[in-house]
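Okay, here's the structure, questions in a sec.
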Amino acid sequence: MRSRRARAGRFGVTLIAIAAIAGGAPLSAGATSAGGAVPLGVDARVLAAPTHGVHIGKGQLSDAAGRAVNGRVAILAWPGETFLRSLRDGVVFATPTVGWARTAADGRWSADANPTLIPREYVEPDGKVNFVAIGWTSMAQGRWDFSAWLGANASRNDATDLSFSANGKLDTGAALLRTSVRSTQRDPSPELGIPICGYGRVGTYQVWSIVNESWPYGSDKGWLHHESSHSVTVGSAMSTDGGLHFSVSGSSTTTAGVSFTYAKSIAYRDFRVGMQYGKFRQYCGGQPTNTYSFRVDFPNGGYDDVGRSGVPNWTYCLTVSAGEWVRNRTDGSAWSFSAGTKVAGVIGIDLSSSTNYSTTLDLHYELVAKGLVCGSNAVPSIAAKVKTSR
Amino acid sequence: MIHRRIVLAGTGAAGVAALVLALSVVLGSTTRHGDGQGPLASLNESGSESMAVDPTRTGATSWTYGIRLCVQSSDVPAVVEGVAPTATVGDGFRMVGLGLREFDPSADHAPIISVDGYPPPRRDVPDTPASVPGFVVRTPCALDPTARYTELLVGLERIGAAGGGWRGLDVTYTADGRRYVLAIEHDLLICGPAIPEFCHGP
């Protein structure tokens, strides 16, 4: 009894999330609704009535050839950074269906999400939620990951076009009922015993992104203070063949709420911050399916610096006295997060970053004598990179 | 003679700046804006800069700080009325002068972040700075390092061990018939106990 209570405590967060959609009859594979077959993972009960709530986006559904098709789109909620940080390996979390919409004849759709169906733990402090749109016709289905706001920022939700294609075979889960798939040791076990679809993390990958450099002259010293609290939207990918091939499937958002100061040093250095990606596998009724999602998990707070050689010849130089010079940038225009999306070595494709890595960087130089501060592409106060010189 | 002219210009500018700011408050007719958000700018985008000179390394007792000024459009010049600190920290310093210069940068005639001494040595600032009140800024904001450049020069002198200095600058000016205050996030500091976050490092 004691161990069961302890387990319930450990999985409390996930249980809360799943309870939000598990109050009625469990969803089974091969579900249908009044409109026909429903893809595995979509809760057919939600499709019984139109969704009224927060408008979260619009787009157009097409087939594999790019032609508009008539079908339906379901909206599933995916947890955000706060939840994912607490997610232990071996635990399946729910991806509740929180809304749906029929497409028009030209494939266009516009969807609401019912906020009461979204677990509170999935909503980030700024009101942003990660969603998965699953669109399907009678024969095909497709998926697109995106983020949208609840609350005051919901008016911004139409800024992004959520068009995607139903380019895969419709999977209602019939095969899952016929086949017993053996779990690997790393796969999450169905310990919650709730026969609905969800995802479990089966792998993590660290990706480093260079956010700045320091090139102090002689005994001068350089260092960096990094602080970020803004959102980063990074591409995601999915696989329906057991993880053999991945394709781009939209994007997901995480905050970059990390802050740290690199020690000052006379060395030439790259300053790097780490982002954790997660590989998630779908489970339905406790059994693993062949669907994987690869997406940004959260900034891991890691940072590092790597030595460099070969002093650059930058000529945008200004005279400066001995002392400490500090340059603060907050717009991120000089440094994008693109380097943090080079994951081809992991899933076969690189992902994109739809927004700059918005952050605050304080670049410091301590000059031991009168010298020069030189920018790489402009005067030092606004240059992308800066060195000291004589 | 040049040095004397700069000092006099600085003393006069401080008085004008105070008068302009006082009038602005009374009349409520001045628009205050950040960098890049009005006709006159410095970086012309978000961001900030700090320079804390270290008396223990330089041996100097006064310094000249340089701050770029530029206009969004050369069709809308800005007439500077005065310059004052947005705020100050510490009591180990005093302002000893203000000036403005406009020049064509080159390898041996470059803008400055700071140099030892006020007035600045001619090898670092070969120009004769002009008086602040009435100076017309016409140089457009550009990334081109060879583009004509307008620089505000501020002189601070160390008068005590505490150090300190200016936390930002307010540049009062008129453009297109309206009065503005450009708030520049640029700290002009002298190392000392008054600014413990500087000059020690992590």
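Does any residue in segment B:128-146 that is within 14 Å of another protein chain (Cβ to nearest Cβ) and under 28 Å from A:G375 (Cα atoms) come within less than 7 Å, Cβ to Cβ, of a residue that is in a strand (DSSP E or B) and open to solvent by 40 Å² or more (accessible area, probe 1.4 Å) six or more places away or on a different chain, and which pairs are these?
Listed pairs, sorted by first residue: B:T139/B:E102; B:P145/A:Y316.
While we're on this one: Would you be able to tell me the number of residues in segment A:169-202 that are open to solvent by less than 70 Å² (accessible area, probe 1.4 Å) and modelled with pLDDT of 90 or more?
As a first pass, look at segment A:169-202 and keep what is open to solvent by less than 70 Å² (accessible area, probe 1.4 Å): A:170-176, A:181, A:183, A:187-189, A:191-202.
Narrowing further to those that are modelled with pLDDT of 90 or more: A:170, A:198-202.
Within segment A:169-202, residues that are open to solvent by less than 70 Å² (accessible area, probe 1.4 Å) and modelled with pLDDT of 90 or more number 6.
Please specify each residue of segment B:89-114 satisfying the condition of being open to solvent by 30 Å² or more (accessible area, probe 1.4 Å), free of Cβ contacts under 8 Å to residues at least 40 places away in the same chain and among the hydrophobic types (A, V, I, L, M, F, W, C).
Matches in segment B:89-114: B:A107 only.
Then there's this: Is there a residue in segment A:26-45 that is open to solvent by less than 50 Å² (accessible area, probe 1.4 Å), among the hydroxyl-bearing types (S, T, Y), at pLDDT 90 or above and outside any loop (DSSP other than H, G, I, E, B)? Walk me through it before giving the result.
Filtering segment A:26-45 down to residues open to solvent by less than 50 Å² (accessible area, probe 1.4 Å) leaves A:27, A:29-31, A:33, A:35-44.
Restricting the remaining residues to those that are among the hydroxyl-bearing types (S, T, Y) gives A:33.
Applying the additional criterion that residues be at pLDDT 90 or above yields none.
No.
Got a number for residues in segment B:117-147 being open to solvent by less than 50 Å² (accessible area, probe 1.4 Å) and more than 25 Å from B:G38 (Cβ to Cβ)?
The qualifying residues number 9.
Is there a residue being away from chain B (no Cβ under 13 Å) and modelled with pLDDT under 75 anywhere in segment A:291-299?
The answer is yes, given that some residue of segment A:291-299 is away from chain B (no Cβ under 13 Å) and modelled with pLDDT under 75.
Look through segment A:302-323, keep the residues that are assigned to a strand (DSSP E or B), farther than 17 Å from B:H109 by Cα and within 14 Å of chain B (Cβ to nearest Cβ), and return whichever of them is modelled with the lowest pLDDT. Outline the logic, then answer.
Start the filter on segment A:302-323 by keeping residues that are assigned to a strand (DSSP E or B), which leaves A:302-307, A:316-320, A:323.
Remaining after also requiring farther than 17 Å from B:H109 by Cα: A:302-307, A:323.
Still in the list and also within 14 Å of chain B (Cβ to nearest Cβ): A:303, A:305, A:323.
Working: A:Y303: 66, A:D305: 70, A:G323: 95.
Here the answer is A:Y303.
Run down A:T51, A:T97 and say which single residue is touching a helix residue (DSSP H, G or I) at 6+ places or on another chain (Cβ under 7 Å) and polar (S, T, N, Q). Don't jump to the end; show me each part of the working.
Numbers: A:T51 fails: touching a helix residue (DSSP H, G or I) at 6+ places or on another chain (Cβ under 7 Å).
Exactly one residue qualifies, and that residue is A:T97.
Take the residues in segment A:119-149 that are in a loop (DSSP other than H, G, I, E, B) and hydrophobic (A, V, I, L, M, F, W, C), then tell me which one is most open to solvent (accessible area, probe 1.4 Å). Show your work before the answer.
At the first step, the residues of segment A:119-149 found to be in a loop (DSSP other than H, G, I, E, B) are A:119, A:123-127, A:137-139.
Add one more test, that the residue is hydrophobic (A, V, I, L, M, F, W, C), and what stays is A:123, A:139.
On the way: A:V123: 47, A:M139: 140 Å².
So, considering only residues that are in a loop (DSSP other than H, G, I, E, B) and hydrophobic (A, V, I, L, M, F, W, C), the one most open to solvent (accessible area, probe 1.4 Å) is A:M139.
Check B:V71 against each of (1) under 27 Å from B:V181 (Cα atoms); (2) within 14 Å of chain A (Cβ to nearest Cβ); (3) touching a residue at least 40 places away in the same chain (Cβ under 8 Å) and name the one condition it does not meet.
Answer for B:V71: the failing condition is (2).
Now for a different question. Identify the residue in segment B:148-194 that is among the charged types (D, E, K, R), assigned to a strand (DSSP E or B) and closer than 24 Å to B:P121 by Cβ and, among all such residues, is least open to solvent (accessible area, probe 1.4 Å).
Of all residues in segment B:148-194, those among the charged types (D, E, K, R) come to B:148, B:151, B:157-158, B:167, B:170, B:176, B:178-179, B:185, B:187.
If we keep only those that are assigned to a strand (DSSP E or B) as well, we get B:151, B:157-158, B:167, B:170, B:178-179, B:185, B:187.
Okay, now just the ones that are also closer than 24 Å to B:P121 by Cβ, so B:151, B:157-158, B:187.
Numbers: B:E151: 0, B:E157: 47, B:R158: 93, B:D187: 24 Å².
Taking the candidates together, the pick is B:E151.
Separate question: Do we find that A:F271 is farther than 30 Å from A:S214 by Cα and either touching a helix residue (DSSP H, G or I) at 6+ places or on another chain (Cβ under 6 Å) or at pLDDT below 85 (or both) in this structure? Walk me through how you get there before you give the answer.
Numbers: farther than 30 Å from A:S214 by Cα: no; either touching a helix residue (DSSP H, G or I) at 6+ places or on another chain (Cβ under 6 Å) or at pLDDT below 85 (or both): yes.
The answer is no for A:F271.
Ok, one more. So, restricting to strands (runs of 3 or more DSSP E) that lie completely within segment A:59-116, which ones have at least 3 residues that are of a type outside the set (G, A, S)? Give the steps one after another, and end with the answer.
Details: elements: A:72-78, A:92-94, A:97-102, A:108-113.
Correct list: A:72-78, A:97-102, A:108-113.
Every residue, every condition in (1) on the phi < 0 side of the Ramachandran plot; (2) among the charged types (D, E, K, R); (3) open to solvent by less than 10 Å² (accessible area, probe 1.4 Å), yes or no:
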{"position": "A:V54", "(1), (2), (3)": "yes, no, no"}
{"position": "A:L61", "(1), (2), (3)": "yes, no, yes"}
{"position": "A:A74", "(1), (2), (3)": "yes, no, yes"}
{"position": "A:G90", "(1), (2), (3)": "no, no, no"}
{"position": "A:T97", "(1), (2), (3)": "yes, no, yes"}
{"position": "A:G107", "(1), (2), (3)": "no, no, yes"}
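The values are calculated or read from the model by the stated rules, or taken from the named source; none is laboratory data. Because the structure is a prediction, the values reported are computed rather than measured. Note that each Cβ is placed from the backbone with ideal geometry, even for glycine, and that neighbours are counted across all protein chains shown. Note: accessible area is taken over every heavy atom of the protein model, side chains too, but ligands, DNA and RNA are not part of it. Shrake-Rupley method; radii C 1.70, N 1.55, O 1.52, S 1.80 Å.
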